[in-house]
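The values are calculated or read from the model by the stated rules, or taken from the named source; none is laboratory data. Because the structure is predicted, anything quoted here is derived from the model rather than measured. Here the Cβ positions follow ideal geometry from the backbone for every residue, glycine too, while neighbour counts run over all protein chains shown. Each accessible area value is taken on the protein alone, full model and side chains, heavy atoms only, with ligands, DNA and RNA left out. Shrake-Rupley method; radii C 1.70, N 1.55, O 1.52, S 1.80 Å.
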Amino acid sequence: MNIQINSSALRQSSFFQLAIRFVCGGLVTAATGIIAKKWGPGIAGLFLAFPAILPASATLIEKHEKQRKERAGLQGGVRARRAVSADAAGAAMGSIGLLAFAALITVLIPSHRAWAVIVLATITWMGVSFLVWLLRKRLSIAVRRRRP
């Protein structure tokens, strides 16, 4: 499965589907705020790593892929599961970048300006996530070349 950006997918999403994503993200954020007030930021930080949008996105991706294949007269179940799997893999790679982001914030924020640390950590997050994606892509190409 080729990973690509498809801006036409935005037109496929209804207002209701976008609202679901927004509400899911908002609920997790609000719950994290409540947890922070009750048990402190150390515990609340664990919940900030929860992929608030991933469950809603996975169900929407599955639905869109199935509909697209069914319009063409095909069964879309396998394609839908592969698309959701690719989305989840991307989230996992982004999470590795998020780990680098959190590590930089933890180490640098006490002794440097907050805005500079956040900018550096954000650039690091993007770079690490991209490098993990690139490594995965190169490894999968190498594995495919070895298969008979």
TODO: Using a 1.4 Å probe over the heavy atoms of the protein chains, calculate the carbon and sulfur portion of the accessible area of region 4-123 as a whole percent.
DONE: 70 percent
Task: Per-residue [θ]222 nm for the chain (sum of -39500 (n - 2.57) over DSSP H runs n ≥ 4, rounded to 500) - done: -28000 deg cm²/dmol
Task: GNM flexibility winner over the chain from Val28, Val132, Val119 (Cα, springs under 10 Å) - done: Val119
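Report, in debye and to the nearest 20, how large the dipole of the chain comes out about its Cα centre when Lys and Arg carry +1 and Asp and Glu carry -1 on their Cβ.
Dipole about the Cα centre, nearest 20: 700 debye.
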Open item on the list: I need to check one value: relative contact order of the chain, counting alpha carbon pairs closer than 8 Å and at least 6 residues apart, in percent.
Closed with: 16 percent
Open item on the list: So with the 1.4 Å probe, I'd like the accessible area per residue for region 12-148, rounded to whole Å².
Closed with: 72 Å²
Open item on the list: Need one number: nm distance between label points at Gln17 and Ala91, each 7 Å from Cα along Cα→Cβ, rounded to one decimal.
Closed with: 1.6 nm
TODO: Would you kindly derive the ³J(HN,Hα) couplings of region 53-70 from the backbone phi angles with the Karplus curve 6.51 cos²θ - 1.76 cosθ + 1.60 (θ = phi - 60°), listing them in order in whole Hz, with x for Gly and Pro?
DONE: 8, 4, x, 5, 5, 4, 5, 6, 4, 4, 4, 5, 5, 4, 4, 4, 5, 5
TODO: Using θ = phi - 60° and the Karplus relation 6.51 cos²θ - 1.76 cosθ + 1.60, list the HN-Hα couplings for region 90-104 in order, rounded to whole Hz, with x at every Gly or Pro.
DONE: x, 5, 5, 5, x, 5, 5, x, 5, 4, 5, 4, 5, 5, 5
Open item on the list: Could you compute the net charge surrounding Phe130? Neighbours are other residues with a C-beta less than 13 Å from the C-beta of Phe130; K and R count +1, D and E count -1.
Closed with: +3
TODO: For Thr122 and Ala36, compute 0.36 nm times the residue count separating them, minus their Cα-Cα distance, and round to one decimal in nm.
DONE: 28.7 nm
TODO: Under 1.5 on a/c is rounded, so check that first for region 40-135, then, if it is not, pick prolate when a/b is larger than b/c and oblate when it is not; a ≥ b ≥ c are the square roots of the alpha carbon gyration tensor eigenvalues.
DONE: prolate
Open item on the list: Please list, in order along region 120-126, the HN-Hα scalar couplings obtained from phi with the Karplus expression 6.51 cos²θ - 1.76 cosθ + 1.60 (θ = phi - 60°), rounded to whole Hz, x for Gly and Pro.
Closed with: 4, 5, 5, 4, 5, 4, 5
